[in-house]
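Have a look at the structure below before the remarks.
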Amino acid sequence: MTEAEYYQRLRSNISDLNLHGIEVNLDEYIQKIEKKEISVTGALCELTDIEMTLKKERAIHGCVNVANFPYLKTMDDFDFEFQPSINQEEMRGFQRLDFIDKKENILFIGSPGVGKPTCLYLLGLKQPRIENQPTS
């Protein structure tokens, strides 16, 4: 098999396996290997790191869709200046989700328009903890 045939087969396999991160970055890493800027093992490691990051992002988006969340935001997107009555440090502390492990509840109380649903939504996004879920 020629080098060009191996390349086409590799491209086909990557596409069939839906490895989009590797597919997009493959040529760049082949060039780096040819220029001896990176070892084959190093390139494979970096390419699989890219793919793992994309896989985690897809999993999070899937969880957001299943949960029927209306949008994808983070605590950094929340406008604490608009609602100064919300304790920013306390909200960021809730993001660690320690209250779940302690089997505690959080109750947001306030008048309409202060951002209670948004705060709950932001904590809901943290709940999946995909990388920390045990494997069977």
Inset, instruction - Identify all residues within region 92-112 that are part of a loop (DSSP other than H, G, I, E, B), under 13 Å from L123 (Cβ atoms) and among the β-branched types (V, I, T); write none if there are none. - result: I106
Legend entry - Within region 19-44, tally of residues that are surrounded by fewer than 12 Cβ atoms within 10 Å (Cβ to Cβ) and either assigned to a loop (DSSP other than H, G, I, E, B) or within 22 Å of the chain's Cα centre (by Cα) (or both): 4
Legend entry - Flag if L47 is touching a helix residue (DSSP H, G or I) at 6+ places or on another chain (Cβ under 6 Å), closer than 30 Å to S15 by Cβ and modelled with pLDDT under 85: no
Inset, instruction - Out of the residues in region 55-91 that are modelled with pLDDT of 80 or more and among the basic types (K, R), state the one that is farthest from L122 (Cα to Cα). - result: K55
Inset, instruction - Collect the residues in region 45-66 that are in contact (Cβ under 8 Å) with a residue 24 or more places away in the chain and either outside any helix (DSSP H, G or I) or among the β-branched types (V, I, T) (or both), keeping them in residue-number order. - result: T48, I50, T53, I60, V64
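The values are calculated or read from the model by the stated rules, or taken from the named source; none is laboratory data. Since the model is a prediction, treat every value here as computed from it, not as a measurement. So basically every Cβ, Gly included, is an ideal-geometry build from the backbone, and we count neighbours across all protein chains shown.
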